[in-house]
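Novice: I'd like to ask some things about the structure below.
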Amino acid sequence: MNDQKNLLSIKNLTIHYKTGGNIVHAVDNLDLDLGHGETLGFVGETGAGKTTTALGIMGLIPNPPGKIINGQVFFKGEDLLKKKHKEMRSIRGKEIAMIFQDPMTSLDPVMNVGDQIAEMIRIHEQITKDKALEKAEVMLETVGIRKDRSKDYPHQFSGGMKQRVGIAIALACNPKLIIADEPTTALDVTIQAQVLELMKSLKEKYDTSMILITHDLGIVAEICDKVAIMYAGNVVEYSDKNSLYLNPLHPYTNGLFQSIPDIEKDVDKLNTIKGLAPDPTNLPKGCTFHPRCPKALPVCSEKKPDNVMVEPNHYVKCFLYN
Ligand code: SF4
């Protein structure tokens, strides 16, 4: 058992994949905390390990080729990594639910949406099919879809409406934690705003905690309380949102902020972070960001920086703050 101050507390999580004789270091000694009712933005480039971490929490790392090498994932004080498959099946959907990036692929194309929501409810609750369908219709209305559309199939809905159905499925059993993996990336910009607003209001209504995986710092500013910046399988900066936006510390975080286009400035070229994300089968020694870092010190290519608390609720892994 772990203390229950946090709903979720990840300690030293390390996840590898074996591919063609190589080891992919997808998640490397990751620590993360999420309080009750909080929304955490999980930010980083593609391949930083955000989705692998989410799958690790859900007990969905495909083994082989994936393997959890080390760590603990405390949820409500209990280590999920010690749970049996059957126990995890009853936690998934009921206690922890996921909203996926692409509603086109996460919904079943040959089942009407009412049945899909009802099916999730009946996996976790001992109720009749009729009662589950009634609840499914209520959930549809909760996400802004008329209940008479419950007999419609996914292809009869727009992208934004499909994602609303995905949210209804995720919330159907009133989970304590929702993990939303780039939930608006596949949607038009105007629809993105509506879906985000819906997620924000439902999260408050149901008092659910949420991990929002994204590469978009604008979305994080809109709806998150805390932010974890991830680089090469590791959280390099973790902070309250306000503290991070007022005072970003890690050179990678600063690079992300500087890459955001400013519509008030007329520039020929957008800022980027120089270089490429490292090969996860061959991570650099020391700080994994050192080959790209404009402020690298001699020690950075030799040793890994510790996690330093710079102010309450603001942590950074960087020798500039040691
Ligand atoms: Fe840059 Fe060194 Fe800080 Fe890494 S530890 S981010 S290389 S200054």
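Novice: If you build the convex hull over the alpha carbons only and average its shadow over all orientations, what do you get for the stretch 1-107? Give it in nm² to one decimal.
Specialist: 7.7 nm²
Novice: Here is a follow-up. Which far-off residues, 5 or more places away or on another chain, put their amide H under 5 Å from the one on Met230, with H placed in the peptide plane?
Specialist: Answer set, sorted by chain and number: Val43, Gly44, Val236.
Novice: For q = 0.17 Å⁻¹, what log10 I(q)/I(0) does the stretch 145-291 give under the Debye formula with an equal point scatterer on each alpha carbon and no solvent?
Specialist: Debye output, listed in q order: -1.09.
Novice: Summarise the long-distance tail of P(r) for the chain by giving the % of C-alpha pairs beyond 30 Å.
Specialist: 37 percent
Novice: Local charge sum around Lys11 (other residues, Cβ-Cβ under 11 Å, Lys/Arg +1, Asp/Glu -1)?
Specialist: Its environment carries a net charge of -3.
Novice: Based on the alpha-carbon gyration tensor of the stretch 102-151 and its eigenvalue square roots a ≥ b ≥ c, which shape applies: rounded if a/c is under 1.5, prolate if not and a/b is larger than b/c, or oblate?
Specialist: In terms of gyration-tensor shape, oblate.
Novice: Next up: What does the charge count around Met309 come to, taking other residues whose C-beta lies under 15 Å from its C-beta (Lys +1, Arg +1, Asp -1, Glu -1)?
Specialist: With Lys, Arg at +1 and Asp, Glu at -1, the net is -4.
Novice: How large is the charge dipole for the stretch 152-300, taken about the Cα centre, if only the Cβ atoms of Lys, Arg (+1) and Asp, Glu (-1) carry charge, to the nearest 20 debye?
Specialist: Here the stretch 152-300 has a charge dipole of around 440 debye.
Novice: Net charge near Ser201: determine it from the other residues with C-beta under 13 Å of the C-beta of Ser201, scoring Lys and Arg +1 and Asp and Glu -1.
Specialist: Cβ neighbours under 13 Å give a net charge of 0.
Novice: Over the Cα atoms, compute the radius of gyration (one decimal) and Dmax (the largest Cα-Cα distance, rounded to a whole number) for the stretch 204-289, in Å.
Specialist: 15.0, 46
Novice: Filter the trypsin sites (Lys or Arg not before Pro) in the stretch 59-161 down to the DSSP loop ones having no more than 14 other Cβ atoms within 10 Å, then list what survives.
Specialist: For trypsin sites (Lys or Arg not before Pro) across the stretch 59-161 that sit outside H, G, I, E and B with at most 14 neighbouring Cβ atoms in 10 Å, the list reads Lys84, Arg146, Lys151.
Novice: Tell me, Ile91, Ile96 in order of fewest to most beta-carbon neighbours within 10 Å?
Specialist: Ile91, Ile96
Novice: Cα centroids of the stretch 256-281 and the stretch 294-322: how far apart, whole angstrom?
Specialist: Each part reduced to its Cα centre gives a spacing of 22 Å.
Novice: Provide the percentage of antiparallel DSSP beta bridges, counting only those with both residues in the stretch 166-237; round to the nearest 5.
Specialist: 40 percent
Novice: Can you list the lysines whose alpha carbon sits under 17 Å from that of Lys50, skipping same-chain ones fewer than 8 residues off?
Specialist: Of all the lysines, those that pass the test against Lys50 - Cα under 17 Å, at least 8 places apart if same chain - are Lys11, Lys67, Lys226.
Novice: Still on this structure: Relative contact order for the stretch 22-175 using alpha-carbon pairs under 8 Å, separation at least 6, rounded to a whole percent?
Specialist: RCO, the stretch 22-175: 22 percent.
Novice: Something else about it: Roughly speaking, what is the centre-to-centre gap between the stretch 55-82 and the stretch 207-254 when only Cα atoms are used, to the nearest Å?
Specialist: Measuring centre to centre over Cα atoms gives 22 Å.
Novice: Evaluate the charge dipole of the chain about its Cα centre and quote only its size in Debye, nearest 20, assuming +1 on the Cβ of each Lys and Arg and -1 on the Cβ of each Asp and Glu.
Specialist: Here the size comes out at about 940 debye.
Novice: At 7 Å along Cα-to-Cβ for each site, give me the label-to-label distance between Met309 and Tyr206 in nm.
Specialist: 3.3 nm
Novice: For the chain, find the longest principal axis of its Cα atoms and tell me its angle to the long axis of helix 189-206, 0 to 90°, nearest 10.
Specialist: 80 degrees
Quick note: the coordinates plus some simple rules give every number you see, no bench work behind them. Because the structure is a prediction, the values reported are computed rather than measured. Every residue, glycine as well, gets a Cβ built from its backbone with ideal geometry; the counts of neighbours run over all protein chains shown.
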